[in-house]
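The next block holds one structure in the form of structure tokens; read it before the comments.
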């Protein structure tokens, strides 16, 4: 039994002559939130489908929750939950009935299934709407029910494939808090998303998948530091201190119209302290100071270098 929530080694998948995954290696520790980023067609959903045992790989292997993907597929399925891009909620059943149906499918005893449904309705703040059909619910409520259905079997690993697509900002934040709570409880979260702020908010570690390969992996702050563009913007109310600051900082770029100075840096606290020390020693005090660092959008564009491709094929086969 491995300590890792998920390990992937040399995973490959092709559709005809189109290579979707080209030898992927990944390790996701138990209880971590891991985000896989990539443009449409990069292979994100294919990766989830393989790790969830929905389709077989062409090569390589993986373990999920300590079970081998190829030789222990049934144990993998028993240990995971999957929330896909499209809701699994049945709009003809009430919220409570959806959860009880999931409990029946997982062969929970009747009393245990009812108890589990009630617990999840309360946990996801859906108790008041439990006896109404989801047709009357908001998109955020439906997504919470979808996630609750994933948790009926108390999975140790959860795959979230673009879980907040189409949600309003408030509903997205609610889902984020639920995901953080799951990870705090020891559940391993494998998240795919095109919302880069979502990965930045949630994930302790991020990998960028492009053209079937991992082109970068690390903590969000580490990836941001790889991309040039960090700078400090100094604002002034007069030309004299702007000129004095520009003389002190020959690498800076002045904007005389805006009375501002753009100073390149690496975005670290040490770099900012050094800058302020130079200004103080020269007797210059800016009126405003703003630190600008690259975000994951900058990382994504710098690493992939191209627009989104056509959406990857979604094909499922019985494992």
Out of 163, 155, report the one residue that is outside any helix (DSSP H, G or I), under 27 Å from residue 199 (Cα atoms) and more than 17 Å from the chain's Cα centre (by Cα).
-> 155
Restricting attention to region 73-89, which residues are in contact with a helix residue (DSSP H, G or I) (Cβ under 7 Å, 6 or more places away or on another chain) and without any contact (Cβ under 8 Å) to a residue 24 or more places away in the chain?
-> none
Apart from one, (1) outside any helix (DSSP H, G or I); (2) farther than 30 Å from residue 18 by Cα; (3) modelled with pLDDT under 90 all hold for residue 271; the odd one out is (1)
Just give me the residues in region 236-268 being buried (at least 16 other Cβ atoms within 10 Å of the Cβ) and assigned to a strand (DSSP E or B), in sequence order.
-> 254, 260, 261, 262, 263
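Here is a yes/no grid of residues against (1) surrounded by fewer than 17 Cβ atoms within 10 Å (Cβ to Cβ); (2) not assigned by TED's automatic domain parsing to the domain that holds residue 176; (3) not in a helix (DSSP H, G or I):
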site	(1), (2), (3)
19	yes, no, yes
49	no, no, no
53	no, no, yes
62	no, no, yes
So which of 140, 181 ends up being in the same structural domain as residue 196 (by TED's automatic domain parsing), surrounded by fewer than 20 Cβ atoms within 10 Å (Cβ to Cβ), modelled with pLDDT under 90 and not in a strand (DSSP E or B)?
-> 140
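The values are calculated or read from the model by the stated rules, or taken from the named source; none is laboratory data. Bear in mind that the values here come from a model prediction, so they are computed numbers and not experimental data. When we count neighbours, we look across all protein chains shown, and the Cβ atoms used for this are built from the backbone with ideal geometry, even at glycine.
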